[in-house]
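No lab work stands behind these numbers, since they all come straight from the coordinates. If you're wondering where the values come from, they're calculated on a predicted model, not measured in any experiment. Positions of Cβ are backbone-derived with ideal geometry, glycine not excepted, and every protein chain shown enters the neighbour counts.
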Amino acid sequence: MPRITDDDLTEFLKWALPRMGYRWAGFKKVRGQVKSRISERLDELGIAQLEDYREYLQNHRAEWERLDECCYITISRFYRDAAVWDGLRSTVLPALADRARADGRQTIRALSLGAASGEEPYTLKLCWELDERRPWEGMTLTTDAIDAAEHMVERADAGVYPPGNLKELPDEWIDIAFEPVDGQFRLRDEFRRHVHFQVADIRDFEPSQTYDLIFCRNLAFIYFDESGREQTLHRLAQWARPGAVLVAGNRDIVPDDNAYVSLHPTVDFAWQFN
């Protein structure tokens, strides 16, 4: 396999990422994933150096799509960033349930973008079903979840995870929601109900409905360039019900555009659609 130094990778990504609508700063801490995938791709092509791959890209337009796939970041685990989930359980979900009841609705609809192998939408389902307070009792949560990588969606559909992916979950939730399978943990069927996965890229996904809750964490607002972030926010606003909540990551840069969203009044990781 070709040997890529960190300096060579940095120089290459600073050249390539802006040409794909990405920002280098977003990839600094996760470039190891990208390095591994690019190395595998160079090995497939029989290319030894990134300088030669740069020339290959300039002469083979279709290769940019393969490079784009190398830049998908797939870090995911259950209850990742615990403060986010604690705030959802204590504040956001009860408020959304109250709003839905006031509108005469019994269903909350959520969308998880860049869902990887399913930990985020399944964590939401666990919060909904296992929170001891459950102020949304009697209501239904449905979640659409997308990811651009087909193999990640297949893993999400299988619902089987290594122990490390569950380490931030409360022990009692693991006991209730999972069953051991060959050293791993399988999410029980009742906690997968109403969670629907599909292979799709956020850049050309077109949902058929609007949502009360949209997760776009550690995706567009950290990796896309300024234009891409603004376009994403515009599109999310079209998919959101008035008063819906956008959940972002703690390193995300959400455009400061009051035409679409404003900071949530009670939690600092979310925005509310106008």
Self-check item: Pairs of Cα atoms farther than 23 Å apart, segment 136-274, %
Solution: 45 percent
Quiz item: Once Rh for segment 1-117 is found with the Kirkwood sum over Cα pairs, what is the Stokes-Einstein diffusion coefficient at 25 °C and 0.890 mPa s, in µm²/s?
Solution: 142 µm²/s
Quiz item: If all Cα-Cα distances of the chain are sorted into 10 Å bins from 0 onward, what percent lands in each bin, rounded to whole numbers?
Solution: 6, 27, 32, 22, 10, 2, 0
Quiz prompt | Given charges at Cβ of Lys, Arg, Asp, Glu: the chain dipole, positive-most of Met152, Trp239, Ala95 | solution = Ala95
Practice problem: Report, in deg cm²/dmol and to the nearest 500, the calculated mean residue ellipticity at 222 nm for the chain, where each DSSP H run with n ≥ 4 adds -39500 (n - 2.57) and the sum is divided by the residue count. | Solution: -11500 deg cm²/dmol
Practice problem: Go through Gln184, Thr266, Trp24 and say which Cα lies farthest out towards the positive end of the charge dipole of the chain; charges sit on Cβ, +1 for Lys and Arg, -1 for Asp and Glu. | Solution: Thr266
Quiz item: For segment 82-273, what proportion of DSSP beta bridges, expressed in % and rounded to the nearest 5, is antiparallel?
Solution: 40 percent
Quiz item: If one takes the longest principal axis of the Cα atoms in the chain, at what angle in degrees, from 0 to 90 and to the nearest 10, does the Cα axis of helix 93-102 lie?
Solution: 60 degrees
Practice problem: Note the angle between two axes, namely the Cα long axis of helix 6-16 and the longest principal axis of the Cα atoms of the chain, as a number of degrees from 0 to 90, rounded to the nearest 10. | Solution: 80 degrees
Quiz item: Put +1 on the Cβ of each Lys and Arg and -1 on the Cβ of each Asp and Glu in segment 8-79; which of Phe12, Thr74, Asn59 then has its Cα farthest toward the positive end of the dipole?
Solution: Thr74
Practice problem: Place a +1 charge on the Cβ of each Lys and Arg in the chain and a -1 charge on the Cβ of each Asp and Glu, then give the dipole magnitude about the Cα centre in debye, rounded to the nearest 20. | Solution: 460 debye
Quiz item: How long, wide and thick is segment 6-70, going by the Cα atoms along their three principal axes, in whole angstroms, largest first?
Solution: 28, 20, 18
Self-check item: Span from the segment 250-274 Cα centroid across to the segment 51-82 one, whole angstrom
Solution: 28 Å
Quiz item: Over segment 114-213, what is the percentage of antiparallel beta bridges among all DSSP beta bridges, to the nearest 5?
Solution: 55 percent
Quiz item: Between the helical axis of 226-239 and the dominant principal axis of the chain, each derived from Cα atoms, what acute angle in degrees is found, rounded to the nearest 10?
Solution: 30 degrees
Quiz item: What is the magnitude of the charge dipole of segment 6-70 about its Cα centre, with +1 placed on the Cβ of each Lys and Arg, -1 on the Cβ of each Asp and Glu, and no other charges, expressed in debye to the nearest 20?
Solution: 440 debye
Quiz prompt | Listed residue pairs exceeding 29 Å between alpha carbons, taken from Lys28/Lys125; Lys14/Lys125; Lys28/Lys167 | solution = Lys28/Lys125; Lys14/Lys125
